[in-house]
Structures are given as C-alpha cells and as structure tokens.
Amino acid sequence: MASNSGQRLDRREVAKVLLHDRGDLLVVAGLGAPAWDATHVGDHPLNFPLWGGMGGATAIGLGLAIAQPMRPVLVLTGDGEMLMGMGSLATVGIDQPANLSIVVLDNEHYGETGMQESHTARGVDLAAAALASGLKSGVMVTQMEQVIALRKAMHAMQGTVFAQIKVAADKLPLALPPRDGPYLKNRFREALLGSQAYFQK
Amino acid sequence: MSAHWSEGIYQLFKQQSIRQVSLVPDAGHSRLIKLCEADAALRMVRLTTEEEGIALAVGAWLGGDKSVLLMQSSGVGNCINMLSMLQVCQIPLAMLVTMRGDWGEFNPWQVPMGRAAKTVLEEMDVLVTSAQHEDEVVPAAEGALRIAYNTYRPAAVLIGQRVLGAKTFTD
C-alpha cells in the first residue's frame, strides 16, 4: 500500500510542478500547508488561499468551475481538509464539471495542529472514495512523473480529475499568503472579470 | 387565489440573474425546486450537507455567478463555521430557509434547531427576515436578494410553517 512506502514526494516540489506555466488556471488552496505551498510557488491574484472554511475547498472549486467553464480550476488541499468535506465528493460526483481538478496533498497528518495522524495514515483511501462517489478519475500518486501527467490532465479539461498525492510529513517554513478576505476576493475577481467585477448587477 | 409564492421567487431569481441554485431538499421548497429544475439557465447543485452550499457560493461569486441556497431550518446548524467565509470576505448569498420546529410542529427533534435558526444566523452576521404569511414570502425574498447582492453580505428568509403547513406524519 502506498502509505507504507518509504520515499515520499516533497509537497513544495509537487506544488511547483502543478502550478508551473499555469496559464488560465484558477486555484483554490485549502487552509494550512496547501495554501502555504501554493504561495511558496508564488503569490498570485488567481489563487484563493483559504484561512478557514475547513471542508469547503472542494465545494468552492465546484462553484468556481461551474461559473467559469472555460478555465481550468484546481482545488489544492490537504488530507484533513478533504476528510472534513468528503460529502462534497458526492456533490462533485453527480456534477463533474470537465474543468475541475481536486488534488489532495496527503501527508497523513494534521500539520497545523501538532502533526497528529489523520485517517489516511490508517488506511483511508481518498482516491477510492472519489471513485466510489462517481468521479471517473481517482488516482493515488506516489511518483513525480504522475504529477507531471496530472498537470497535463488538469489543463486538458477533459473531465473532473481527482488525485491523492502521498507527500512527506515535513514541517516546512511558512509561506503565508495575504489573509485579508476582501482583498483576496477582490483581486481574484478583478483578475478574472476585469473592472466589471465591481459593477456586477 | 394568487399564484403560489414559489412562482414569485422563481421570477425573482430570473430578475436577479441568479445562475447557481444549491439545495438540500425540503418539502416546503419542492415546488420552487421543480420550477428551477425546468429552467436550463439555472444550474442546480444538489448538496450532501448545507455547508457545501455556503462554500459553493464563495466559488460561484469568485467566478462571477450569483447563487442562492435552499434549505430547511435544521440545515442552518450545519452551516455555522462555513458562514465565517461570507462574513470575512464580504461575499453575497441569499438563503431561503423553510422552517421546521415552529408553528404546529409534530416532531420534537425538530424544535431545538428550529428555535435556534434565527439566532444562529444573526450571530454569524446574516441578515434575517421571517415570513409568517404567504403574502410576505415574495417581498421578503426580494428584499433579501437585493440586500445580499447590493451590499455583499449574506441574507436569509425564514419561511414559517404557518405558510408551509406543518408536516403531519399521516399518510
């Protein structure tokens, strides 16, 4: 089983590969380490890093993917965050926007609260849960070549993508994004919708 | 008799250019749900729990879509933490909540959350209006939709069981 493998991917390297040459990509980053990982690659107006709303990242990605069907949308989140919102996999499962990708950086721990083990450390398989929820894609990723393929699939927009990437449970230096909610929201909407963002009726 | 309030609310959705309608079903909303389902311009999102609808509204608004959330009062409790995102990011959302646990309730298990729904929403900075008569529903919904999307905040309408009829648990 993948969770017993010795060599784990570096989450910052994974984020760098996923966000490389990002083009039109819209990113929702789950609270904690995934938000720091996305920010470590580079703060970007089309990142929406979460500082709360645990369990909501996938549903935010769904709302965004429905609103913007021509843009690839990536939900980059952690195992704890995904575990809290597993129902949202079923919600995505019956909808499956072609432009939505959900990528879980699974370090099998709650990193922000003292590195307690999460359910994935004890065998809970989120990729299988995604498949069981009706998603056509649900892959367990342990190799960097798979991450490269994942990035390609994300931009291809040929169907909802779900991947659970096993990463090392390292405590890395923080890379904090802005935390002012209206700023994060407004810069995202302005970068996406232009000045019309402020005049929406 | 005038048209059912569901028709009026559906018309409001069209006037307000609502694009995403998320819901956990409730009997009180069944007519409105049917009207929305029949409209290909409205994207229906069926949730497993109401808090997903709050998160969905965040994503929808980031992408330029207005959304509304339909739920029963018991679902209000499921939304509490997720509502912080609307408050902290100033994101608009209209919520239409059909009540349980008020007028004529049969099921004691529905009463605690029904009684707490308004307080809980207000504590999370949601503007709340109650409609206790059929004639009040559409104006209340119009006010909630307008204030939500004009002032970038969540607003809820609680539609009382006096309007909906209490569930009787008879065949």
* Of the residues B:ALA57, B:ALA94, B:ALA27, B:ALA40, which single one is modelled with pLDDT under 95 and either of a type in the set (A, V, I, L, M, F, W, C) or surrounded by 22 or more Cβ atoms within 10 Å (Cβ to Cβ) (or both)? -> B:ALA27
* Asked: Say we look at segment B:15-54 and pick out the residues that are of a type in the set (Ser, Thr, Tyr) and at the interface with chain A (Cβ under 9 Å from one of its Cβ atoms); which of these is nearest to B:ALA94 (Cα to Cα)?
  -> B:SER22
* Enumerate the pairs (first residue in segment B:91-108 and within 14 Å of chain A (Cβ to nearest Cβ); second residue anywhere and surrounded by fewer than 22 Cβ atoms within 10 Å (Cβ to Cβ) and not polar (S, T, N, Q)) with beta-carbon separation below 6 Å, excluding pairs fewer than 6 apart on the same chain, so at least 6 apart or on different chains. => B:PRO92/B:TYR149; B:PRO92/B:TYR152
* **Given (1) crowded, with 19+ Cβ neighbours inside 10 Å; (2) in contact (Cβ under 8 Å) with a residue 40 or more places away in the chain, index of the condition A:ARG189 fails** => (2)
* From (1) under 24 Å from A:ALA169 (Cα atoms); (2) within 14 Å of another protein chain (Cβ to nearest Cβ); (3) among the small types (Gly, Ala, Ser); (4) free of Cβ contacts under 8 Å to residues at least 40 places away in the same chain, pick out the condition that doesn't hold for A:GLY42. => (2)
* Asked: Any idea which residue in segment A:76-97 is farthest from the chain's Cα centre (by Cα), counting only those that are over 13 Å from A:GLN164 (Cα atoms) and among the β-branched types (Val, Ile, Thr)?
  -> A:ILE94
* Asked: Pairs under 6 Å by beta carbon, first residue over 13 Å from A:GLN164 (Cα atoms) in segment A:116-129, partner surrounded by 11 or more Cβ atoms within 10 Å (Cβ to Cβ) and aromatic (Phe, Trp, Tyr), six or more apart or different chains?
  -> A:GLN116/A:TYR110; A:SER118/A:TYR110
* To do: Return the total of residues in segment A:153-201 being within 14 Å of another protein chain (Cβ to nearest Cβ) and assigned to a helix (DSSP H, G or I).
  => 18
* Structure fact -> Log entry, pairs with first residue in segment B:55-70 being more than 7 Å from chain A (Cβ to nearest Cβ), second being hydroxyl-bearing (Ser, Thr, Tyr), beta carbons closer than 9 Å, six or more apart or on different chains, reads B:TRP61/B:SER67; B:TRP61/B:TYR152; B:LYS66/B:SER17; B:LYS66/B:TYR149; B:VAL68/B:SER22; B:LEU69/B:SER22; B:LEU70/B:SER22; B:LEU70/B:THR98
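A quick yes/no check of all residues on (1) surrounded by fewer than 20 Cβ atoms within 10 Å (Cβ to Cβ); (2) out of contact with any helix residue (DSSP H, G or I) (no Cβ under 7 Å at 6 or more places or on another chain):
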site	(1), (2)
B:LEU145	no, no
B:TYR149	no, yes
B:ALA155	no, no
B:ALA166	yes, yes
B:PHE169	yes, yes
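The values are calculated or read from the model by the stated rules, or taken from the named source; none is laboratory data. Quantities reported herein were computed from a predicted structural model and do not represent experimental measurements. Reconstructed Cβ throughout: ideal geometry from the backbone, glycine too, with neighbour counts over all protein chains shown.
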